[in-house]
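**Student:** This is the structure I want to talk about, given as structure tokens.
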Amino acid sequence: MTVRVGVIGVGMIGQDHIRRLTQVIAGAQVVAVTDVDSARAEAVARDLPAARVHASGQEVTDDDHVDAVVVTSWGATHEEYVLGAIAAGKPVFCEKPLATASAACSRIMDAEVAGGQRLVQVGFMRRYDATYRALKAVTHDGSIGAPLLVHCAHRNPSVPDFYTADMSINDTAIHEIDLARWLLEEEITAVSVRTPRRNSRAAEGFNDPMMIYLETESDVLVDVEVSVNAAYGYDIRGEVVGETGTVSLADGSGVVVRRDGAYVGRVPADWRERFVRAYDVELQEWVNSVAAGGCTGPSSWDGYAATAVAEACTQALRSGERTPVSLREQPDFYAKTH
Ligand code: NAP
């Protein structure tokens with residue numbers, strides 16, 4: 001079966017996912033697109049022979065030719081479009097964040113539960129990265145003992161002028177928040193945020209770097225360094241410290257050159273380079289699950305929990321206090337979705 005996909009929001013990642021759906025992965029066809037910028041939607045559709053251009057997200061979700069929906073619009077619009085897809089009974093892949101507030105994520109869960117079937121997958125693509133999958137496998141195979149600590153670093157070379165300290169949490173650290181839950185298979189119960197000396201490359205008043213501390217149900221402590229003005233490249237690090245050993249992501253990818261008394265490897269330029277395969281695998285698995293009539297991958301509960309933890313982090317950033325995370329009761333519907 002070819003899954004006929006409608007895409008809502010054809011900006012940077014929307015166009016990248018369309019390239020993936022049409023040129024990289026199997027079993028999908030893009031049959032509809034929309035964007036608030038209709039000229040952009042028309043331009044993107046010109047390269048997609050089967051695609052109609054719609055005037056709104058609702059028209060995409062309601063289109064009878066659309067089997068499944070990809071939401072890649074601006075975060076604040078996600079709730080409306082995901083609810084629209086659920087109302088139409090169609091599977092929906094929504095880029096992170098599922099919604100910008102935990103209350104909105106909760107409304108999505110309520111609608112999905114009321115409809116009686118899982119339809120939503122959230123774009124937490126690091127779960128599909130081969131190195132993170134290997135990290136998780138070792139964490140749980142008993143070879144390093146019970147996990148005690150997780151060290152993470154998320155370094156971006158630079159960010160646009162509009163970027164804020166809240167976005168360092170909601171937009172950047174949200175990946176580590178999801179990863180910590182997925183990797184350890186437990187929820188985060190409390191958070192703290194510390195801000196050291198400011199990088200002089202950061203805008204005035206912008207706390208960069210910041211250190212985020214996540215405490216889990218079994219008292220594993222996860223520290224996340226977020227640096228969004230790191231200059232030298234896009235550098236993602238992760239290490240789990242267990243009772244008898246450690247496991248960490250290997251440095252970089254590709255080759256190391258030894259020359260002139262030095263050895264040199266490549267630091268990826270950005271997230272597209274570092275995680276290119278993870279996005280491919282993520283969308284292929286989504287298309288496969290839709291074709292099989294189901295929905296797997298990060299769920300609405302995962303999207304909700306990550307947003308709730310991010311909300312607690314922004315509160316902790318302002319107050320300087322350790323802040324508990326309060327989650328609603330998990331509907332049975334989402335049990336064992338890690
Ligand atoms: P972007 O380039 O600004 O794209 C967003 C697109 O959606 C733009 O074309 C925007 O149009 C359009 N849009 C905005 N409001 C809309 C509406 N009401 N209806 C339909 N289209 C609308 O942003 P992006 O970088 O692609 O990010 C999109 C989403 O993907 C964000 O939620 C972001 O967090 C997420 N993302 C995830 C990852 C990841 O690693 N998983 C990486 C990058 C982005 P205008 O430009 O005219 O506003």
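The values are calculated or read from the model by the stated rules, or taken from the named source; none is laboratory data. From a predicted model like this one, the values you see are computed outputs, not experimental measurements. For neighbour counting, all protein chains shown are included, and Cβ atoms are generated from backbone atoms with ideal geometry for every residue, glycine included.
**Student:** State yes or no: is Val256 among the hydrophobic types (A, V, I, L, M, F, W, C) and outside the structural domain of Ile25 (by TED's automatic domain parsing)? So that I can check it myself, show each step before the final result.
**Tutor:** On the way: among the hydrophobic types (A, V, I, L, M, F, W, C): yes; outside the structural domain of Ile25 (by TED's automatic domain parsing): yes.
Yes; evaluated as a whole, the condition is true for this residue.
**Student:** Which condition number does Asp35 fail, the rest of (1) out of contact with any Asp or Glu (no Cβ under 8 Å at 6 or more places or on another chain); (2) more than 30 Å from Glu329 (Cα to Cα); (3) in contact (Cβ under 8 Å) with a residue 40 or more places away in the chain; (4) surrounded by 19 or more Cβ atoms within 10 Å (Cβ to Cβ) being met?
**Tutor:** The failed condition is (3).
**Student:** To continue, here is another question. Can you pull out every residue in the stretch 64-77 that is within 23 Å of Gly293 (Cα to Cα), under 27 Å from the mean Cα position of the chain (by Cα) and not polar (S, T, N, Q)?
**Tutor:** Selection gives Val66, Asp67, Ala68, Val69, Val70, Val71.
**Student:** Go through Val241, Val267, Val257 for me and flag whichever is surrounded by 15 or more Cβ atoms within 10 Å (Cβ to Cβ) and at pLDDT below 90. Talk me through it step by step, then tell me what you get.
**Tutor:** Working: Val241 fails: at pLDDT below 90; Val257 fails: surrounded by 15 or more Cβ atoms within 10 Å (Cβ to Cβ).
Answer to the check: Val267.
**Student:** Sticking with this structure for a sec: If I filter the stretch 270-307 down to residues being surrounded by fewer than 22 Cβ atoms within 10 Å (Cβ to Cβ) and of a type in the set (Gly, Ala, Ser), which single residue comes out as nearest to Leu98 (Cα to Cα)?
**Tutor:** Restricting to residues being surrounded by fewer than 22 Cβ atoms within 10 Å (Cβ to Cβ) and of a type in the set (Gly, Ala, Ser), the top hit is Gly297.
**Student:** To continue, here is another question. Which residues, counting only those in the stretch 226-251, are closer than 24 Å to Arg201 by Cα, more than 16 Å from the ligand (Cβ to nearest atom) and not hydrophobic (A, V, I, L, M, F, W, C)? I'd like the intermediate steps shown before the answer.
**Tutor:** Keep residues of the stretch 226-251 that are closer than 24 Å to Arg201 by Cα, which gives 226-237.
When the remaining residues are screened for being more than 16 Å from the ligand (Cβ to nearest atom), the result is 227, 229-233, 237.
Within the stretch 226-251, Ser227, Asn229, Tyr232, Gly233, Arg237 meet the criteria.
**Student:** Separate question: Among the residues of the stretch 110-136, what is the count of those that are over 20 Å from the mean Cα position of the chain (by Cα) and in the same structural domain as Trp182 (by TED's automatic domain parsing)?
**Tutor:** Residues meeting the conditions: 0.
**Student:** Wholly within the stretch 199-250, which strands (runs of 3 or more DSSP E) include no fewer than the required count, namely at least 2 residues that are farther than 17 Å from His175 by Cα and in contact with a strand residue (DSSP E or B) (Cβ under 8 Å, 6 or more places away or on another chain)? Steps first, please.
**Tutor:** On the way: elements: 210-216, 221-227, 235-242, 246-248.
The qualifying strands (runs of 3 or more DSSP E) are 235-242, 246-248.
**Student:** Scanning the stretch 196-222 for residues that are buried (at least 19 other Cβ atoms within 10 Å of the Cβ), among the hydrophobic types (A, V, I, L, M, F, W, C) and farther than 23 Å from Pro160 by Cβ, which turns out farthest from the chain's Cα centre (by Cα)?
**Tutor:** Selected residue: Val220.
**Student:** Count, please, the residues in the stretch 131-148 that happen to be more than 16 Å from the ligand (Cβ to nearest atom) and in a helix (DSSP H, G or I). Please lay out each step first, then the result.
**Tutor:** The initial filter retains those residues of the stretch 131-148 that are more than 16 Å from the ligand (Cβ to nearest atom), namely 133-148.
Still in the list and also in a helix (DSSP H, G or I): 133-140.
Count: 8.
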